[in-house]
Structure formats: C-alpha cells, structure tokens
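The values are calculated or read from the model by the stated rules, or taken from the named source; none is laboratory data. Note that the structure is a prediction, hence the values are computed from the model and not measured. We place every Cβ from the backbone using ideal geometry, glycine too, and count neighbours over all the protein chains shown. For accessibility, only protein heavy atoms count, side chains too; no ligands or nucleic acids. Shrake-Rupley method; radii C 1.70, N 1.55, O 1.52, S 1.80 Å.
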Amino acid sequence: MLELKNISKEYPKGPKALDNVSFRVDKPQVVAIIGPSGAGKSTLIRCINRLVEPSNGQVLLGETDIVSLNKKELRKMRRRIGMIFQEYNLVERLTVMENVLSGRLGYVSLWKAYRRKFPPQDIRDAFELLERVGLSGTQNSRADALSGGQRQRVGIARAVIQAPDLLLVDEPTASLDPKTSRQIMRILVELAHERHTPTLINIHDVSLAQTFSDRIIGLCDGSVVFDGPSSQLNAEVLTRIYGEEDWSTTIRKDDDESRSKQERGQKDVRGEAAAG
Amino acid sequence: MSSLPAARTAELPTWERDKIIKSPGTRYFLLALIVFYLILTAFTLEIDWGRIASGIPRAGRMFSGMIPPDLSRLQLMLNGVLESVQMALAASLFGMILAVPIGICGASNLVPRPVYFVGRSIIILTRTFHEIIIAIFFVKIFGFGPLAGVLTLIVAGTSFIAKMVAEDIENLPPGHLDAIRATGAGFFKLLLYCVAPQILPRYLGVSIYRLDANIRHSTVVGIVGAGGIGQTLAATFSRYDYNFSCTILIAIVALVFFGEIVSSWIRSYLR
C-alpha cells in the first residue's frame, strides 16, 4: 500500500533531517512514529505528501511514485492522502462546514467551490462525519469559536471526508489535555480501522502511541532505529530511540486495561465529545 | 535554609537594567555630539531674523483678510468639494480592485520568486514617490483637471492597499496554507478557502481607511492642478482672495471630518 524507499532529506543548512528511511505499510494498520524532538518525524510525514520535498528516494502509494509526480499529478495524488495537524490548521474565519468540505476541494470546480456548491453526497458525508466525531449541530459555527479538542475533531473530519487511501497525522494531541488527547486518538484509530485506512501518526507521547497503535516506528537522528509491533516496545528499545532514562513508568503494564478501554471508547466518544 | 535570614541582613544585592549603550564614555560622547551639532546648525543655517520679523505682520494681514469667510460663492465651493469626493470614491474603488492581484503577486509564500519580485517592485516603485510628484507627472501628461487627480490617487491607493494585502498574506500561518494544499487544492482554491477568508476583514478595513485618506489627499493634489477642491483653493490664494480661501478651508475641515466619521463607523461595523 505505502512504501518508502531510501527517503533522505537535507535542508540547505544543518545536518541530514532524514537518512535513508525505508519501510512498508502493507495492510490497513495504525503506525505510530515516535522519536525525540528533531528526529525528523514531521519531515518524514511531510515528505510523503511532499509538503516537504525529499532530497532522495521514492514514496510508493500503490504503484505510483509520489516523488516523481509533476505539480498537477501531485494535486491529484494529494486528494488521496488525508492530513491532520498539531495546530489543527483550520481556516478560522470559515464555518465548521466549510472547513470540513474543504477536504473535497480537489474534486469540485473552482466556480462551484467559490459558490460553496458541493455535491449533495459530500454534504451528507460531512454531516455524518460531524456526528461521528461528536460535533453535530456545529456546522454553522466559525472555527475560531471552537475549543482545541473540537477543532481537532473538525481537522479529523476534513481529512477523513477525502476518503483517503492514507492518513498522515502530525502530533494530533500535542496541544491538547490528556483526556481530550485520548478521545482524539480513539476517534482517529476507530475511523482508521472502520475505513481500512492505513494511518501514520507522529506522536510524542509513548504511552498513547503504545495504547492506540498496531505498530511503532522509532526514529532517531533521521534514521529508523526500531520497527515492530507496539507490544514489543520495552525499555531497551526506548533507550535506543531516546537515549538512557528510567523507562519503567512509561511502558504500558496492563494490557487488559487498555484493551477494555478501547472497547468502552466506542460508546464514550459521542457523549464525551460535547465536553471536549 | 537557616543561614538565609542572616545573609539577607548582611548585604543586599543590587540590580540594574543594562543600558542600550554599555560604555558610559561612548554614551556621553554621543550626547555631546548631538548638542554640538545643534549649536553648529543654529550658526550655519543663516536664519534671517529680519524676514521672520516682517512675516509676522503679513501673517496677521492674511488671517484678518480671511474674516469674514466669503459665503457668496458657495456653489463654486460645493462643486469643488463634490469633485474631490468623486475623485476619492473612484480612486478608492479602482485601488481596491487593482490591489488584489498586485498584493497576491507580492506575497512570497504564495507565488514563485520571479512573480514575487515583479509584484514587490511595483509596490516599492509606486510607493517611492509622494502623491504630489505623481500628480505633477499626470498633470503634465493629461493636462489640468480631475483625471490627473484620480489617476494619482489610484496609483497611490493601489500601492498602499497592495502592500497591506501582501503583508497580510505573508503573515498567514504556514500551517493553514499547508492544510488546504494537502487536500489537493490548487492555487486559486487556496486563495478562496484560506487566503480570502483570513485577510478579508483587514483588506476591507484598509480599503475604508484608504477612502478616508483619499479624501484628504484629493484636496492636496488639486494644488498642482489635478482637480478637486484643492485646485479651487490654490486659485484663491494666487488671487489673494483670502475670504474665499477661508470658506474653502472650512469646507475641507468639514469634509475630512466627515470622511473620518464615516470610515471609523464602517470599520467598527466590520469588526
């Protein structure tokens, strides 16, 4: 589905941000990318939809190498890749509905986009997604009237309405409180699984990564130093990624607890959303 | 911890904010230099005290000549005022429209380098010259009258609004642009769904301010013959028709006052 081959990125000044990163995601799974600040997580995820141009290597989505696409082809390709940001990056002066529908911009003509005439099925999808992320009734609110958690829900809806073949998620919870963070991660992971969308999530919080992801990729100084199922994360691996530290309190101890949490999450999401 | 009270009474630390120029020698030297320059200027400027002395009674004659204001030619004055207002309105409208493409071209985060340089060059070049100088050019080219004035105000207004638009676009958070680009939207959709909604209130505010400024400038450009109430005013001065000058000055004050009120009313409504 997605394959990165020897992706490198050098910025004009400074050391290599990414050094020969290769990995495959060949089934719809949630992959958490962890690593210290400056390890290249953001650069990596942006190299995939070329918000950052990789210096070297290939990014294959299906059969297509994204790196070799021209501008027009890249725009078409980006319609298939949803992206969610740390700072939500909603257009604050637009309504929630406009923000969600902007995920469909790649599919409507300029004139229709200007008159806000999106196809009825897009609007139906938007309403459904707003309900799914717990924001029913907010479609006419301006984005800057929402709380952080609510904005991120809109951000999720905007990315998911693209019906993407791949979801890129850049630090979705870094600006949110712990409770909201868990709710947001839960919504994300549920949507990814429901829609069989492979998902890459950059995330600082190791225990969130472990709780919600199927697989973890550890990045350090621009190189992959760990790639394996989330359950394999241990103190030795964390030391390899982050360096020496007492990791005993970070690693998830009770698997049953987090599993039951995931199941409960399904019911909680809608109720908690109004508060978040 | 027990030693802390004792230490407190022993010696109090002092703290002073760093001076901008650290060395006191340099500081006083610069101060002395400024004083020296002021004294030097006073001696070398050759101020003609005689002229100042004879100017004061002349000023008195001029101002007393203004009283009472001449109200017999109100129609002429009103025509001038109306022409100024029309010039300002037309110039503001055209300026608003022209400023959008130029402003977008001048935003480095939106357009390729070469376009950016063209956009910025237009803005910088048109901002270099004061309205009066531009007005002189247009009067030379198109002759006396409001056409030259309107063109002057269009050039000046466009460049002012365009600069604001360009800078507002450059101040957009890069993430907002990235987010819309990431959906596969092209340049114009990016303009519609990110740039336009975010800069619209400021753009309208600046344009309204420019309307206010254009009313003021329209009274000035007339002095070099570019139409409007300013041209009427210049004519009265050259004929020593101070009574009528006074009427026109009062009209200008009223006009600018009115413009200010309207513009601040609209701007408060926009917020």
Given the residues A:Glu128, A:Glu171, which is the only one that is acidic (Asp, Glu) and over 28 Å from A:Cys47 (Cα atoms)?
A:Glu128
Are any residues in region A:121-142 open to solvent by 30 Å² or more (accessible area, probe 1.4 Å) and either under 23 Å from B:Phe188 (Cα atoms) or within 12 Å of chain B (Cβ to nearest Cβ) (or both), and if so, which ones?
A:Ile123, A:Arg142
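Which strands (runs of 3 or more DSSP E) does region A:180-258 wholly contain that include 2 or more residues that are open to solvent by less than 40 Å² (accessible area, probe 1.4 Å) and in contact with a Lys or Arg (Cβ under 9 Å, 6 or more places away or on another chain)?
Working: elements: A:199-202, A:215-220, A:223-229.
Hits in region A:180-258: A:215-220, A:223-229.
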If I filter region B:147-156 for residues that are under 30 Å from A:Ile66 (Cα atoms), touching a Ser or Thr at 6+ places or on another chain (Cβ under 7 Å) and away from every other protein chain (no Cβ under 14 Å), do I get at least one hit?
no
From the option list A:Val206, A:Val225, A:Val189, single residue qualifying as out of contact with any helix residue (DSSP H, G or I) (no Cβ under 6 Å at 6 or more places or on another chain) and under 26 Å from A:Val21 (Cβ atoms) is A:Val206
I'm told B:Leu191 meets every condition in (1) within 9 Å of chain A (Cβ to nearest Cβ); (2) assigned to a helix (DSSP H, G or I); (3) over 21 Å from the mean Cα position of the chain (by Cα) except one. Can you identify the failing condition by its number?
(1)
Can you give me the ranges of the strands (runs of 3 or more DSSP E) entirely in region A:24-105 with at least 2 residues that are within 14 Å of chain B (Cβ to nearest Cβ)?
A:81-84
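Conditions tested, residue by residue: (1) of a type in the set (Phe, Trp, Tyr); (2) loosely packed, with under 10 Cβ neighbours inside 10 Å; (3) over 32 Å from the mean Cα position of the chain (by Cα).
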{"position": "B:Glu16", "(1), (2), (3)": "no, yes, yes"}
{"position": "B:Ile21", "(1), (2), (3)": "no, no, yes"}
{"position": "B:Tyr28", "(1), (2), (3)": "yes, no, yes"}
{"position": "B:Leu40", "(1), (2), (3)": "no, no, yes"}
{"position": "B:Gly50", "(1), (2), (3)": "no, yes, yes"}
{"position": "B:Pro68", "(1), (2), (3)": "no, yes, yes"}
{"position": "B:Leu82", "(1), (2), (3)": "no, no, no"}
{"position": "B:Ala91", "(1), (2), (3)": "no, no, no"}
{"position": "B:Phe94", "(1), (2), (3)": "yes, no, no"}
Filter region B:238-258 for residues that are open to solvent by 30 Å² or more (accessible area, probe 1.4 Å), more than 15 Å from B:Arg73 (Cβ to Cβ) and assigned to a helix (DSSP H, G or I) and give the result.
B:Ser238, B:Val253, B:Ala254, B:Val256, B:Phe257, B:Phe258
Quick test for you: out of A:Asp165, A:Asp170, pick the one residue that is closer than 29 Å to A:Ser207 by Cα, within 11 Å of another protein chain (Cβ to nearest Cβ) and touching a residue at least 60 places away in the same chain (Cβ under 8 Å).
A:Asp170
